[in-house]
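Only one structure is covered here, and it is reproduced in the block below.
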Amino acid sequence: MKIGFKKVHQDAVLPKYAHEGDAGMDVYAISDQMLDLNVPTLVKTGLVADIPAGYEIQVRPRSGLALKGVTVFNAPGTIDAKYRGEIGVILLAVKGT
């Protein structure tokens, strides 16, 4: 199955696998953003996705970030096939990094 991604911001980076055989792709923020402790913050990716009907994209926390106290607030975040807006990830800092 293929999911098409399109950049809607000049600084967007297309999702990619960090290592061969990885199950999930890494996504990137379009700008540096400070996270206030215990305040959910929408971080934009500058991407839109063309997801086939009947499928979804799930956004999950990275274990390395979670160890530092940053997690995905609504994990796993769901992006449905019909959503055509910019993908954002709601992050939460639960301890100072």
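The values are calculated or read from the model by the stated rules, or taken from the named source; none is laboratory data. Computed from a predicted model, the values in this text were never measured in an experiment. With ideal geometry, Cβ positions are generated from the backbone for all residues, glycine too; neighbour counts draw on all protein chains shown. Please note that ligands, DNA and RNA were not included when accessible areas were found on the heavy atoms of the full protein model with its side chains. Shrake-Rupley method; radii C 1.70, N 1.55, O 1.52, S 1.80 Å.
Some notes on this structure:
- Using θ = phi - 60° and Karplus 6.51 cos²θ - 1.76 cosθ + 1.60, couplings along the stretch 40-50 (whole Hz; Gly, Pro as x): x, 10, 7, 10, 7, 9, x, 10, 10, 10, 10
- Straight-line cross-link reach from K95 at under 17 Å between alpha-carbon atoms covers these aspartates and glutamates, not counting any fewer than eight positions away in the same chain: D36.
- Build a GNM of the chain with springs between Cα atoms under 10 Å apart, and of A81, A23, A53 the one that fluctuates most is A23.
- Qualifying lysines (Cα of each under 24 Å from Cα of K16; at least 8 residues distant if same chain): K2, K6, K7, K44, K68, K82
- Taking only alpha carbon atoms, the chain gives an Rg to Rh ratio of 0.96, where Rh is the Kirkwood radius.
- In the assembled protein chains, H9 presents an accessible area of approximately 70 Å² (probe radius 1.4 Å).
- The overall shape of the stretch 1-47 is oblate: from the C-alpha gyration tensor, with semi-axes ordered a ≥ b ≥ c, the ratio a/c is 1.5 or greater and a/b is no larger than b/c.
- Label-zone membership for the stretch 56-97, site A23, 7 angstrom Cα→C-beta point, backbone N under 20 Å: 56-67, 71-80
- Applying 1/(1 + (r/R0)^6) with r as the Cβ-Cβ distance of D32 and K6 and R0 = 25 angstrom yields a FRET efficiency of 0.65.
- When nucleic acids and ligands are ignored and a 1.4 Å probe is applied, M1 ends up with an accessible area of around 150 Å².
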